[in-house]
Amino acid sequence: RDAQESRGLGDVYKRQHAGTDERRLEAMEDYMRARLAAPIALADLARVAGVSVRTLHTLCQKHRGVSPMDLLRALRLDAVRARLMREPGAAVTEAALTYGFGHLGRFSAYYRERFGELPSQTALRAA
């Protein structure tokens, strides 16, 4: 009976904190979206979420399936793609640098991995 009660309390704890975890992640994601073009450190994200860096990493892995910095990279890649598609003739290099991608070779590889094409191909299609 004690083991059952302990499990029951654990379930209650998980249910109570599931909403809190989601609110923490939403606050972090809002912060990311508002500052896509600004430098953002992992410690900044943890502070906004109100947890330690380690806890933030655990929450992101559990609820989003990626690390916080991988999530930030995905949001930035999405922003670059949106800009390239929205603004015909937009320069890929300028868009990448605007959203914090300093190493253009890595940026191009990340972009291709995420979207299945090079950023220059997206820009050409949009033109």
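The values are calculated or read from the model by the stated rules, or taken from the named source; none is laboratory data. Every value quoted in this text rests on a predicted model; they were computed, and no experiment measured them. No Cβ is skipped: glycine too gets one built from the backbone with ideal geometry, and neighbour counts run over all protein chains shown. Accessible surface is based on the protein model in full, side chains and every heavy atom, while ligands, DNA and RNA are left aside. Shrake-Rupley method; radii C 1.70, N 1.55, O 1.52, S 1.80 Å.
Data for the structure
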{"quantity": "Hey, Ser120 under 30 Å from Gly19 (Cβ atoms) and not hydrophobic (A, V, I, L, M, F, W, C) or not", "calculated": "no"}
{"quantity": "Criterion: open to solvent by 60 Å² or more (accessible area, probe 1.4 Å) and either closer than 22 Å to Phe107 by Cα or touching an Asp or Glu at 6+ places or on another chain (Cβ under 8 Å) (or both) - qualifying residue of Arg81, Arg47, Arg54, Arg33", "calculated": "Arg33"}
{"quantity": "Positions within segment 86-117 being closer than 21 Å to Asp70 by Cβ, open to solvent by less than 50 Å² (accessible area, probe 1.4 Å) and among the hydrophobic types (A, V, I, L, M, F, W, C), in sequence order", "calculated": "Ala95, Ala96, Phe101, Phe107"}
{"quantity": "Evaluation of Cys60 against (1) part of a helix (DSSP H, G or I); (2) of a type in the set (A, V, I, L, M, F, W, C); (3) surrounded by fewer than 13 Cβ atoms within 10 Å (Cβ to Cβ) (one fails), failing number", "calculated": "(3)"}
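Residue by residue, here is whether (1) under 19 Å from Thr122 (Cα atoms); (2) hydrophobic (A, V, I, L, M, F, W, C); (3) assigned to a helix (DSSP H, G or I) holds:
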| residue | (1), (2), (3) |
| --- | --- |
| Thr20 | no, no, yes |
| Glu26 | no, no, yes |
| Arg76 | yes, no, yes |
| Ala82 | yes, yes, yes |
| Met85 | yes, yes, yes |
| Ala90 | yes, yes, no |
| Ala96 | yes, yes, yes |
